[in-house]
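Read-outs throughout are calculated quantities, based only on the coordinates presented, and are distinct from any laboratory measurement. As the structure is a computational prediction, the values presented were derived from the model and not from experiment. In this analysis, Cβ positions are derived from the backbone assuming ideal geometry, glycine residues included, and neighbour counts consider all displayed protein chains.
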Amino acid sequence: MNTLQHTQIKGLFDASIELPSLIDEIPLGIVMLDTQRRIVLINRAFEALSGFSMEEARGIPCFHIMRSKLCIQKCPLKKMDSNSESISIESDMINKERQLIPVLINLSPIRNAEGNLAGFIETVEDLRPFKEVDSKTTHAYTFRHLIGKSPKMTRIFQTLPLLAQSDSAILITGETGTGKDMLAEAIHQASDRAKGPFVKVNCGALPETLLESELFGHRKGAFTGAVENKPGRFRLAHNGSLYLTELGDLPLPLQVKLLTFLDDKVVYPLGSAKGFQADVRIIAATHRNLDLMVKERKFREDLMFRLNVVRLHLPPLRERGDDIRLILDHFINIFAKRFRKDINGLSKKVLKILMDYAFPGNVRELRNIIEYAVNICPGGQIQFTHLPAYLSETKHHYDRPTSEVGETSEWTASFEKSNSEQSGQKTWASFERDMIIEALVKSKGRRNKAADMMGWGRTTLWRKMKQYKIDA
Amino acid sequence: MEQKILITLYVDQVAPRFDLATEVSIVSMADDGRPTEKKTVVLPRASAEQLCHLVLLEKIGTVVCGGIEDEYYQYLEWKNVKVLDSVIGSYKDVIKRLESGMLRSGDIIR
């Protein structure tokens with residue numbers, strides 16, 4: 001196995017400096033190749049983007065690590081020589097986390113002192129913040145496209161640019177489906193850190209021991225199975241933002257470690273006495289009532305105070321008044337385009353039902369309802385029969401409040417109430433499940449046809465079938 | 001029981017991208033890991049959906065590939081197809097590891 005060589009740059013400064021440490025500080029993926037297009041060096045930004053570590057990538061042909069469309073179809077480096085100019089090409093790559101990422105690749109030859117070809121250098125820029133990978137993933141309530149004209153949302157929009165620039169820790173609260181993830185990304189993109197990484201960690205998705213290593217990293221040999229150094233999410237988010245979602249699920253011992261980081265901004269990987277000064281902005285979100293958790297001693301009060309520098313509360317949809325109509329129309333346009341349907345709005349009855357509905361699942365639920373209705377509606381206006389059945393049976397209808405509904409302390413209670421009301425009724429999920437089964441029966445089990453009937457792609461159908469455990 | 005393994009190919013290497021592979025090798029392996037049959041299939045065009053279809057049609061038990069989008073990974077796993085992704089190495093080396101039952105996702109065979 002190759003070992004890492006320490007490549008030094010001499011003559012530039014008084015003392016010689018390490019090349020890897022120099023390029024690690026550049027917030028753009030950098031890959032250096034030899035003349036055989038084998039990897040010589042990658043920087044930390046490229047490690048974060050690709051998921052491959054330097055140890056793994058060293059000596060490997062570039063196409064195995066880059067995994068770009070460009071590599072397979074027409075590698076420009078094959079024709080590049082010492083006299084070639086640098087070129088920039090938009091392409092994509094699949095990282096180790098199985099994400100398809102649009103990237104801008106810049107390729108240049110490296111020449112030695114005699115002007116001969118010594119290798120190549122590639123810079124890889126993540127274009128996700130600037131464009132959608134696929135039109136299918138376009139959502140109305142998406143990155144930097146938060147929609148709303150209600151006073152509560154307008155207030156958030158007004159403060160957002162200032163907060164984004166401030167670099168303070170931000171705590172986002174709100175019920176499920178209100179758009180906390182979208183808001184966190186929007187803050188990152190509007191900040192000076194937009195060019196840096198936006199690293200998301202779900203604190204509730206991993207067991208405590210794994211989460212610690214995932215967040216803070218570990219040194220080789222720190223524990224059984226730690227066969228190599230792992231940088232940790234804090235380090236990967238260096239010069240960017242770290243988004244901690246489901247913060248309320250963060251175990252207490254890790255709350256202490258997070259608190260320590262917020263105090264001195266130094267990350268100590270497991271098994272390492274040497275700390276790393278990480279310049280990371282923390283954005284945290286939770287659907288839980290942290291005030292209540294503090295009272296119940298399930299969440300540390302001091303951490304709460306630290307993160308509560310700036311608090312943004314996303315109101316539930318039922319408190320957003322006319323936004324419902326605005327978001328409704330937006331989703332109708334999106335789904336009508338996607339499913340190629342000629343839909344021109346909603347009937348009065350449908351509009352009244354939706355305007356009176358409490359939306360316990362908030363914008364996400366509204367989006368699902370419209371997706372369903374546009375699927376079912378053959379064209380023209382969306383009628384009552386095109387709505388999911390549970391909407392006509394549900395007791396979620398309510399009289400629109402005339403006064404402001406209480407803030408954070410009340411949203412958990414109201415949401416729990418909505419959930420308890422929902423139990424025992426036919427849910428959206430069970431209705432959609434029935435709809436899929438009916439389409440499969442009608443199409444005699446042919447999924448292509450069933451997907452066509454639903455106005456979905458094949459993959460959407462199988463994903464939903466998997467979700468509802470429908471075995472074909 | 002004999003098991004069928006599909007390896008995506010790019011020249012003599014495991015193809016770096018599942019969705020861009022135009023050539024695959026289908027290897028039947030006996031219980032003891034000994035290959036009993038090998039065949040190469042050249043696809044008319046690169047398509048992840050077509051490749052998934054081929055996997056199911058050929059009743060493949062394991063797919064060996066480089067990068068794969070999560071959508072297709074989840075689909076194949078859901079169909080009880082084991083996916084060993086992010087594998088880097090030559091076809092020959094991968095076969096050797098498969099014979100010894102030592103191939104894992106993320107393996108880099110230098």
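Residue by residue, region A:342-353 carries 3J(HN,Hα) couplings of 9, 9, 10, x, 10, 6, 4, 5, 4, 4, 5, 4 Hz when phi is fed to the Karplus relation 6.51 cos²θ - 1.76 cosθ + 1.60 (θ = phi - 60°); x denotes Gly or Pro.
Could you grab the Rg to Rh ratio for region B:7-110? Cα atoms only, Kirkwood for Rh. Write down the numbers at each step before the final one.
Working: Rg = 12.4 Å, Rh = 13.5 Å.
Dividing the radius of gyration by the Kirkwood radius yields 0.92.
Antiparallel beta bridges, as assigned by DSSP with both residues in the protein assembly as shown, represent about 65 percent of the total such bridges. Once you list every other residue whose beta carbon is under 13 Å from the beta carbon of B:D12, what net charge do they have if Lys and Arg are +1 and Asp and Glu are -1? So the surrounding residues net to -1. Under 19 Å of direct C-alpha separation, and excluding same-chain neighbours fewer than eight residues apart, A:K274 reaches these lysines: A:K220, A:K230, A:K257, A:K265. For chain A, the normalised intensity computed at q = 0.11, 0.12 Å⁻¹ comes to -1.06, -1.20 (log10 of I(q)/I(0), Debye sum over alpha carbons, equal scatterers, no solvent). Peptide B:12-18 has a mean shielding of 5, counted as Cβ atoms of other protein chains within 10 Å of each residue's Cβ.
Using the alpha-carbon atoms, what tilt in degrees (0 to 90, nearest 10) does helix A:458-467 show relative to the longest principal axis of chain A? Orientation of helix A:458-467: about 70 degrees from the principal axis. Distance from the alpha carbon centroid of region B:32-110 to that of region A:39-85 works out to 23 angstrom. Only Cα sites of region A:138-314 enter the Debye sum here, all with the same form factor; the resulting log10 I(q)/I(0) across q = 0.13, 0.14 1/Å is -0.65, -0.75, listed in q order.
Summing Lys, Arg as +1 and Asp, Glu as -1, what charge do residues with Cβ under 9 Å from the Cβ of B:V63 carry, B:V63 excluded? Write out the running numbers ahead of the final one.
Values: positive: B:K82; negative: B:D85.
So the surrounding residues net to 0.
Excluding same-chain residues fewer than 8 positions from B:K82, which lysines have a Cα within less than 22 Å of its Cα? By straight Cα distance, B:K82 reaches A:K96, A:K464, A:K466, A:K469, B:K4, B:K38, B:K39, B:K59, B:K92, B:K96. Whole-Hz Karplus values for region A:171-188 come out as 10, 10, 10, x, 5, 5, x, 8, x, 5, 5, 4, 5, 4, 5, 4, 4, 4 Hz, taken residue by residue from phi with 6.51 cos²θ - 1.76 cosθ + 1.60 and θ = phi - 60°; glycine and proline positions read x. Angle check, please: helix A:408-422 long axis (alpha carbons) against the longest principal axis of chain A (alpha carbons), in degrees 0 to 90, nearest 10. Rounded to the nearest ten degrees, it is 60. Counting charges near A:L262 (Lys, Arg +1; Asp, Glu -1) among other residues having Cβ under 12 Å from its Cβ returns a value of +2. Going by alpha carbons, how many degrees (0 to 90, nearest 10) lie between the helix axis of A:428-442 and the longest principal axis of chain A? It is inclined by approximately 90 degrees. The mean count of C-beta atoms from other chains within 10 Å of the C-beta of residues in A:90-99, rounded to a whole number, is 4. The aspartates and glutamates within cross-link reach of A:K449, meaning a Cα-to-Cα straight distance under 13 Å and a gap of 8 or more places when in the same chain, are A:E438.
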